[in-house]
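What follows is one structure encoded as structure tokens, with my remarks underneath.
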Amino acid sequence: MTRAHFVLILILAVAGLGKLAAADPARPNVIVLLADDMGYGDPRSYNPASKIPTPHMDRLAAEGLRFTDAHTPAAVCTPTRYGALTGRYCWRTRLQKIVLWTEYEEPLIEPSRETVARVLQRAGYRTGAIGKWHLGLNFAKPGGGFVRGKPDHMKGGGGTHEVDFSRPVQGGPSALGFDRSFLLPGGINLEPHFWIEDDRIAGTPSVWRANGAPTRPGTSGVEVHEGWMTEGWSDEAIGPTLTAKAEGFIAESAAAQQPFFLYFASQAPHRNCTPPEFARGKSQAGVRGDMVYEFDWTVGRVLAKLDELGIADNTIVIVTSDNGGTPTSDEGKDFGHRSNGELRGSKGGLFEGGHRVPFLVRWPGHAPAGKTNGSLVVLTDLMATLAELVGAKLPAGAAPDSFSVLPALRGAAMDSLGRPAVVLHSGAGHFAIRVGPWKLICDGQVKPLHLFNLERDPLEKTDVLTREQDRAARLLVELQAIRAAKS
């Protein structure tokens with residue numbers, strides 16, 4: 001054997017060992033794709049009558065598991081994101097209802113709080129956060145300290161003017177265990193309107209965007225809040241830009257031969273609904289339906305990148321949403337499309353349409369293909385589940401409201417009675433509790449309002465509160481105990 005042949009064989013052997021290391025089945029890559037306001041009835045795999053083509057989510061359903069009893073811990077955005085990343089209910093923080101109305105607010109996640117990203121980072125993962133953050137950030141104030149924006153408003157006014165954009169942004173993903181990040185700070189409609197890459201603002205925010213103003217004439221400005229924006233900002237370009245950044249993070253991680261965790265929070269299909277040119281008219285459900293199509297396109301691009309890099313077989317892909325869907329598109333019509341299927345209610349409320357969401361899991365060789373799983377799953381379960389996946393022990397007090405559903409991700413039917421009670425929270429700050437098939441909804445004074453057996457009545461048509469008073473009382477006691485617990 002010549003020296004050249006020996007060197008070639010050695011190079012190939014090392015390359016082969018690198019590929020094996022990058023495809024360690026004990027540490028699969030994990031991608032969480034979180035839609036913004038996508039309802040249970042939007043993907044066709046959940047609603048055959050959907051007026052929106054969703055071929056890539058349908059592919060995931062065919063190649064993996066489709067969960068039918070998956071929920072967000074809250075029926076609106078910010079608290080669900082907090083719960084998903086920390087394994088802790090957001091009502092345990094200062095945010096007791098609704099959402100943060102600006103990203104200039106103090107970060108909800110304290111630097112000392114354990115997060116999913118930190119757990120996986122310690123386990124050797126490369127971690128990335130791409131997309132809508134909406135959990136508060138520390139922006140510098142001219143002269144020192146941090147900006148604090150409007151605490152509450154529903155109509156988009158009261159934008160924040162005095163901000164020092166030249167200094168790093170603090171309290172975001174970099175402080176919470178993410179190696180890389182590319183953020184849409186508060187979502188498609190909330191101020192400020194620019195990108196943040198890692199801890200730096202991309203570009204110079206020099207344009208004041210007016211309340212309700214679209215970035216292109218003829219497109220939607222519904223729910224847009226006034227605030228600073230970078231020159232040339234385009235709402236229609238947000239989804240494609242985030243998708244390209246996600247593809248780049250995946251490719252960089254594969255090249256580094258390091259397992260990765262990607263938290264990809266899309267802007268779609270939240271209002272204002274501004275689908276890019278390629279998505280316009282692709283649905284029969286107005287511009288909102290076109291943005292669900294856009295989100296599905298993003299799912300397809302991520303799947304294609306995994307295939308291209310040859311890492312799909314060792315990657316867990318989870319697709320879900322931050323809460324239920326809005327019932328109408330920006331045009332003020334539903335176009336005959338039921339965004340939450342036959343479920344009662346919609347985004348913001350405690351009926352199932354407000355928080356029961358699509359939850360698709362593809363994990364080749366582990367999650368059986370083309371199956372349905374009825375296990376009760378909540379997005380706060382993410383941390384305990386992924387910690388068990390990588391064999392990590394959570395610190396004392398971390399993720400108090402998280403429960404590992406790893407057996408369900410492998411296809412097991414987990415008895416909902418075997419898991420802790422689930423507490424659900426509405427946009428108005430009201431509570432519900434779920435124990436097994438039983439769901440008790442309370443009013444603003446935490447007084448029982450409705451009781452349903454979801455096993456017999458998933459559409460919540462028959463309120464059994466009057467004939468199940470004892471059961472309701474027991475559920476109320478358990479709810480109050482969970483609320484009173486210090487976590």
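Just so you know, all these numbers are worked out from the coordinates, no wet-lab data involved. Since the model is a prediction, treat every value here as computed from it, not as a measurement. A quick note on method: Cβ atoms are made from the backbone with ideal geometry, for glycine too, and the neighbour counts reach across all protein chains shown.
Can you name the helices of the chain, as whole DSSP H runs, whose Cα span along the helix axis is 15 Å or more and whose Kyte-Doolittle mean is not below -0.5?
Passing helices, by number: 3-22, 238-255, 286-309, 469-484.
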- Mean separation of Cα contacts under 8 Å (6+ apart) over length of region 40-172, as relative contact order %: 19
- Task: Select from region 175-280 those GluC sites (Glu not before Pro) which occupy a DSSP coil region and have at most 12 other Cβ atoms within 10 Å, ordered by residue number.
- Result: 231
- How much length is gained if the chain between residue 473 and residue 392 is pulled fully straight, taking 0.36 nm per residue apart and subtracting their Cα-Cα distance, in nm to one decimal? 25.4 nm
- Message: Can you compute the modelled spin-label distance between residue 200 and residue 93, with each label point 7 Å from Cα toward Cβ, in nm?
- Response: 2.7
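List the trypsin sites (Lys or Arg not before Pro) within region 112-221 that DSSP assigns to loop and that have no more than 10 neighbouring Cβ atoms inside 10 Å. If you can, show how the numbers build up before the last one.
Details: sites: 113, 118, 122, 126, 132, 148, 155, 180, 200, 209; in loops: 113, 148, 155.
In loop regions of region 112-221 (DSSP not H, G, I, E or B), the sparsely surrounded trypsin sites (Lys or Arg not before Pro) are 155.
Relative contact order for the chain: what is it in percent, counting Cα pairs under 8 Å that are at least 6 residues apart? Walk me through the intermediate numbers first.
Working: 1183 pairs, mean separation 115.4, N = 487.
Value for the chain: 24 percent.
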- Task: Mind sorting out which of [x] 54, 26, 20; [y] 53, 31, 20; [z] 33, 29, 23 is the real semi-axes √(5λ) of the Cα gyration tensor in Å computed from the coordinates?
- Result: [z]
- Message: Counting other C-beta atoms within 10 Å, and keeping those with at most 11, which DSSP coil trypsin sites (Lys or Arg not before Pro) do you find in region 330-372?
- Response: none
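Set the Förster radius R0 to 51 Å, insert the Cβ-Cβ distance between residue 447 and residue 307 as r into 1/(1 + (r/R0)^6), and round the FRET efficiency to 0.05. If you can, show how the numbers build up before the last one.
Numbers: r = 53 Å, r/R0 = 1.03.
Using R0 = 51 Å, I get an efficiency of 0.45.
Just add up the charged neighbours of residue 273: K/R +1, D/E -1, any other residue whose Cβ is under 15 Å from the Cβ of residue 273. Present the calculation step by step, with values, prior to reporting the outcome.
Values: positive: 51, 132, 216, 271, 280, 282, 288, 333, 347; negative: 36, 37, 42, 223, 235, 236, 277, 290, 294, 296, 330, 331, 334.
Result for the local shell: -4.
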- In terms of Cα to Cα distance under 28 Å, which lysines are near enough to residue 393, apart from those fewer than 8 places away along the same chain? 19, 486
- Message: Could you tell me how far the Cα centroid of region 435-460 sits from the Cα centroid of region 195-212, in Å?
- Response: 43
- Message: Per 0.36 nm of contour for each residue apart, how much would the distance between residue 428 and residue 152 grow if the chain were fully extended, relative to their Cα-Cα spacing?
- Response: 98.1 nm
- Query: In nm, to one decimal, how far is the residue 457 label point from the residue 210 one, both placed 7 Å along Cα→Cβ?
  - Reply: 5.0
- By the scheme Lys and Arg +1, Asp and Glu -1, what is the net charge of all other residues having a beta-carbon under 15 Å from that of residue 211? 0
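Treating only the Cβ atoms of Lys and Arg (+1) and Asp and Glu (-1) as charged, compute the dipole magnitude of region 430-487 about its Cα centre; round to the nearest 20 debye. Please report the intermediate quantities before stating the final value.
Details: 10 positive and 8 negative charges, 38 e Å.
The calculation lands at about 180 debye.
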- Message: Based on alpha-carbon centroids, what's the gap between region 150-188 and region 329-381 in Å, whole number please?
- Response: 28
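Around residue 392, with a cut-off of 10 angstrom between Cβ atoms, what is the net charge of the other residues, counting Lys and Arg +1 and Asp and Glu -1? Write down the numbers at each step before the final one.
Working: positive: 118, 122, 393; negative: 388.
My count for the surroundings of residue 392 gives +2.
What FRET efficiency do you get for residue 280 and residue 167 if R0 is 45 Å and r is their Cβ-Cβ distance, rounded to the nearest 0.05? Display every interim value, and only then the final one.
Details: r = 39 Å, r/R0 = 0.86.
Using R0 = 45 Å, I get an efficiency of 0.70.
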- Given charges of +1 on the Cβ of Lys and Arg and -1 on the Cβ of Asp and Glu, with all other atoms neutral, how large is the dipole of the chain about its Cα centre, in debye to the nearest 20? 820
- Taking a straight Cα-to-Cα line shorter than 20 Å from residue 282, and setting aside same-chain lysines fewer than 8 residues away, one finds 51, 333
